[in-house]
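Throughout, read-outs are computed from the coordinates displayed, never taken from laboratory work. Note that this is a predicted model, so its numbers are computed, not measured. Note: ideal-geometry Cβ built from the backbone for every residue, glycine included; neighbour counts use all protein chains shown.
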Amino acid sequence: MSGVWVFKNGVVRLQDNPSLQGSSRRKVLVHVATNQVVTSYEMLERMLLPLGWERYYNDPDLFQFHKSSSVHLISLPKDFNKLKSMHLYDIVVKARTNVFEVRDV
């Protein structure tokens with residue numbers, strides 16, 4: 001995980017390392033059990049539903065998941081192609097069951 005942790009307006013975020021921007025290194029979200037790269041929101045939803053996550057439709061500009069047994073909310077850009085590494089790590093951390101990991105391609 002490379003980048004810089006930035007604290008702004010009471011929120012800590014991981015920002016991509018600017019020295020890696022423009023390089024060919026790309027990160028992908030991998031479902032560990034099947035070793036499959038997650039390539040769409042439909043695929044991600046199929047993998048999150050059995051873990052207790054459900055689709056949250058409160059904001060039409062975001063693709064969101066909520067788990068009723070926690071306060072966590074996974075908020076992702078509406079366009080799957082606009083996912084950044086911070087979104088991928090957010091999924092890994094909030095899923096908490098070692099189901100996903102982020103890998104370099």
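Observations on the structure shown:
- Relative contact order for the chain: 27 percent, from Cα pairs under 8 Å spaced at least 6 residues apart, divided by residue count.
- In this Cβ point-charge picture (+1 for Lys and Arg, -1 for Asp and Glu), the chain has a dipole of about 220 debye about its Cα centre.
- Computed across the chain, the Kirkwood radius stands at 14.7 Å (inverse of mean 1/r, all Cα pairs).
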